[in-house]
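Undergrad: Right, I'll just put the structure down here and ask away after.
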Amino acid sequence: MTQQTASAPNLLAKVDTFAAFVCDWLTDLVFPPRCGNCGRVDHRFCAACHDQLVSLPLELKSISLNSLDGLCATGKQQGILAAAVKSFKYYDALALCDPLAARLVAGLDQQDWPIDAIVPVPLHADRELERGYNQSDLLGQQLARAINVPCQPAWLARIRGTGQQAQLAASERLDNVAGAFKANADVHGKSVLLIDDVVTTGSTLRECALALRAQDAKAVYGIAVSSPQNLSLTARRTSYGYQHSW
């Protein structure tokens, strides 16, 4: 293979990256971003709202969900916390990873959970390509650095595409993600911490936990940035039960 041929893919990659940059720049020029909390123009999440988020007190909520050994959220999915999660998840406000991950660190510090590895809830490859990143993976990597525990995104995969959970009724969410995840053998005998941005019905975390337990994970815990005040944990037509406490 000649040097010219070998460099062609790199050149194409650079062209694609530049084209994407130009496309994003033109989009922002015509439709300037607005702060996801206050609506200020030219900011995906403005500095004032960022500071408000940083000062938001932790309001840790313990949730009891069968198939997990422990589960909690750092606050209610409302107000500035809900706006931050939405901006971070859907609108490329990646600077919010730091304050949101800091909440996870503070919340985990109040738990007596022996953790061997952090596993972010995975996106399907097509969804991650469309979005450009997995918000749970970014949070997991940040948390892993803070507590000096390895983050292992490869330990759990989403093996089929699913519709967005946020667009489904609670009764539909369980079926939407049933059997959608597969763990690898590296989880055998490990205590795993699942990371997600929001826990609403618990269906996604439940399916992740079942996949990890199928590979003989020793224990499975979960932590999320937020959860609705009227959390609705819906039971499947089996012996699995759900409870929650606020």
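All of the numbers you see were taken from the coordinates with simple rules; none came from a lab. If you're wondering where the values come from, they're calculated on a predicted model, not measured in any experiment. In this analysis, Cβ positions are derived from the backbone assuming ideal geometry, glycine residues included, and neighbour counts consider all displayed protein chains.
Undergrad: How far apart, in nanometres, would the label points at R145 and Y91 be if each is projected 7 angstrom from Cα along the Cα-to-Cβ direction?
TA: Label at R145, label at Y91, 2.5 nm between them.
Undergrad: Something else about it: So if each residue of separation counts as 0.36 nm, and I subtract the Cα-Cα distance between S62 and A154, what length gain in nm does that give?
TA: Values: separation 92, 0.36 × 92 = 33.12 nm, distance 2.73 nm.
30.4 nm is the gain from fully extending S62 to A154.
Undergrad: Rounded to whole Hz and in sequence order, give me ³J(HN,Hα) for the range 120-133 from the Karplus expression 6.51 cos²θ - 1.76 cosθ + 1.60, θ = phi - 60°, writing x for Gly and Pro.
TA: 3J(HN,Hα) across the range 120-133, in whole Hz: x, 5, x, 8, 5, 4, 5, 5, 5, 5, 5, 7, x, 6.
Undergrad: Relative contact order for the range 66-142: what is it in percent, counting Cα pairs under 8 Å that are at least 6 residues apart?
TA: Values: 38 pairs, mean separation 23.8, N = 77.
After rounding, I find 31 percent.
Undergrad: Something else: Which order results if V225, V41, V149, V198 are arranged by neighbouring Cβ count within 10 Å, fewest first?
TA: V41, V149, V198, V225
Undergrad: Another one. Just rank F181, F88, fewest to most, by other beta-carbon atoms within 10 angstrom. Could you put the intermediate results ahead of the total?
TA: On the way: F181 22, F88 25.
Fewest-to-most Cβ neighbours within 10 Å comes out as F181, F88.
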